[in-house]
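S.K.: The structure under discussion is supplied below as structure tokens; questions concerning it will follow.
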Amino acid sequence: MSISPEEQRCGTVAIIGRPNVGKSTLINHLVGQKLSITSRKPQTTRHRIKGILTQDHAQFVFVDTPGVQTKHANALHRAMNRSVLTTLADTDVVVMVIEALKFNTDDQLVLDRLPAGIEPILAINKIDRVHPRERLLPFLAQMGALNRFSAIVPISAQKETQLAPLLGEIRLQLPLAEWMYEEDDVTDANERFFAAEFIREQLFRLLGDELPYAVTVSIESFTIEGTMRRIQAVILVDQDNQKPIVIGRDGEKLKEIGQRARLDLEKLFGSKVFLELWVKVKGGWADDERVLKSLGHEF
């Protein structure tokens, strides 16, 4: 269907919130494809990731931001917070995500950090966990009494509940503008980026509670041979004693990380993937701006 530029709406939509409220899951379900990595551990997302949805006369350019860091102060976390602020300075709509029945001091800090004049849409996530549903009513009234939100929409990102009303509220705030991307685009990130992210996702899912925060992934080589992707990646750990944990007995843990990441990448790329992983020690990488810049973080 041909749509004239005068009818088109298009804009960037920043998804913000404290860590682990479901921002990445929301982006994935809105776009209809896994773009942002997820785990049950907070602070899984470290980069801004764009997910693009073109629907009817509107193009939504969602930006998945790292959770706002309120307790950590190394170079990595400073870069993550700067990424959030940069996104907010150049966005058309802001959606703040919180958990149903939970609004704590970290949520308030996120709200307080918004530039003056921004009234975000509040997405109250994980309502599928609230039984009976009537328990939401006092919480909705509490959030409305803050007088800080342009709209409040209870949702379940995982169950795709109430996502259409959320899109409707966002659409009302999108400016009249020509689309920034082609109609079938879903992201502007390249395949190297997704290779590193999908490997890092398995580190969060398969390692202990603390270790994933001390590791990162660097893509050393990414080549396409016919329909196959050949990827060589290095997992960087902070200390010598962390290396054998990532590798596991007889290399079993590293093998499982690689197998799971490879399957996810094959699904994303629609082709065979040959993935090789190594583990190296790089002490202090999370406080080394040169290393972080090489991994795509902005300063």
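The values are calculated or read from the model by the stated rules, or taken from the named source; none is laboratory data. Since we're looking at a predicted model, the values are computed, not measured. Glycine gets a Cβ as well: all are built from the backbone with ideal geometry, and neighbour counts include every protein chain shown.
S.K.: Being among the β-branched types (Val, Ile, Thr), touching a Leu at 6+ places or on another chain (Cβ under 6 Å) and not assigned by TED's automatic domain parsing to the domain that holds THR54 narrows it down to one of ILE231, ILE219, ILE224, ILE155, so name that one.
M.R.: ILE231
S.K.: Among all residue pairs at least 6 apart or on different chains, which show Cβ distances below 7 Å where the first residue, located in region 262-285, is over 14 Å from ASP238 (Cα atoms) and not assigned by TED's automatic domain parsing to the domain that holds GLN232 and the second is polar (S, T, N, Q) and exposed (fewer than 13 other Cβ atoms within 10 Å of the Cβ)?
M.R.: Sorted first by the residue in region 262-285, then by its partner, the list stays empty.
S.K.: Would you confirm whether or not region 224-238 contains a residue that is under 30 Å from GLN8 (Cα atoms), touching a residue at least 40 places away in the same chain (Cβ under 8 Å) and of a type in the set (D, E, K, R)? Step through it out loud before you land on a result.
M.R.: Of the residues in region 224-238, the ones under 30 Å from GLN8 (Cα atoms) are none.
No, region 224-238 contains no residue that is under 30 Å from GLN8 (Cα atoms), touching a residue at least 40 places away in the same chain (Cβ under 8 Å) and of a type in the set (D, E, K, R).
S.K.: Further question: Please work out which residue is modelled with the highest pLDDT, limiting yourself to region 40-62 and to residues that are outside any strand (DSSP E or B) and among the basic types (Lys, Arg).
M.R.: That would be ARG48.
S.K.: I've got another one for you. Filter region 188-220 down to residues that are surrounded by 19 or more Cβ atoms within 10 Å (Cβ to Cβ) and of a type in the set (D, E, K, R) and give me whichever is farthest from LYS267 (Cα to Cα).
M.R.: ARG200
S.K.: How many residues are hydrophobic (A, V, I, L, M, F, W, C) and either within 21 Å of the chain's Cα centre (by Cα) or not assigned by TED's automatic domain parsing to the domain that holds THR65 (or both) if we restrict to region 105-152? Steps first, please.
M.R.: In the first step, residues of region 105-152 are kept if they are hydrophobic (A, V, I, L, M, F, W, C); the result is 109-111, 114, 116, 118, 121-124, 127, 130, 136-137, 139-141, 143, 145-146, 149, 151-152.
With either within 21 Å of the chain's Cα centre (by Cα) or not assigned by TED's automatic domain parsing to the domain that holds THR65 (or both) added as a condition, the list becomes 109-111, 114, 121-124, 127.
Adding up the residues that qualify gives 9.
S.K.: Now, a different point. Please go through region 172-186 and give me each residue that is of a type outside the set (S, T, N, Q) and surrounded by 17 or more Cβ atoms within 10 Å (Cβ to Cβ), ordered by number. Write out each step before concluding.
M.R.: So the first thing to find is which residues in region 172-186 are of a type outside the set (S, T, N, Q), and the list is 172, 174-186.
Hits for region 172-186 are LEU174, TRP179.
S.K.: Quick check on region 260-276. Is at least one of its residues surrounded by 16 or more Cβ atoms within 10 Å (Cβ to Cβ) and over 29 Å from VAL31 (Cα atoms)?
M.R.: no
S.K.: With respect to ASP128, determine if the residue is surrounded by fewer than 17 Cβ atoms within 10 Å (Cβ to Cβ) and farther than 29 Å from LEU275 by Cβ. Before you say what the answer is, go through the steps one by one.
M.R.: Values: surrounded by fewer than 17 Cβ atoms within 10 Å (Cβ to Cβ): yes; farther than 29 Å from LEU275 by Cβ: yes.
So ASP128 passes the test.
S.K.: Quick check on my filter: what residues within region 155-190 are in contact with a Phe, Trp or Tyr (Cβ under 8 Å, 6 or more places away or on another chain) and modelled with pLDDT under 95?
M.R.: ASP188 - this is the single residue of region 155-190 that is in contact with a Phe, Trp or Tyr (Cβ under 8 Å, 6 or more places away or on another chain) and modelled with pLDDT under 95.
S.K.: When residues of region 221-238 are filtered for being exposed (fewer than 12 other Cβ atoms within 10 Å of the Cβ) and not β-branched (Val, Ile, Thr), how many remain?
M.R.: Of the residues in that region, 3 qualify.
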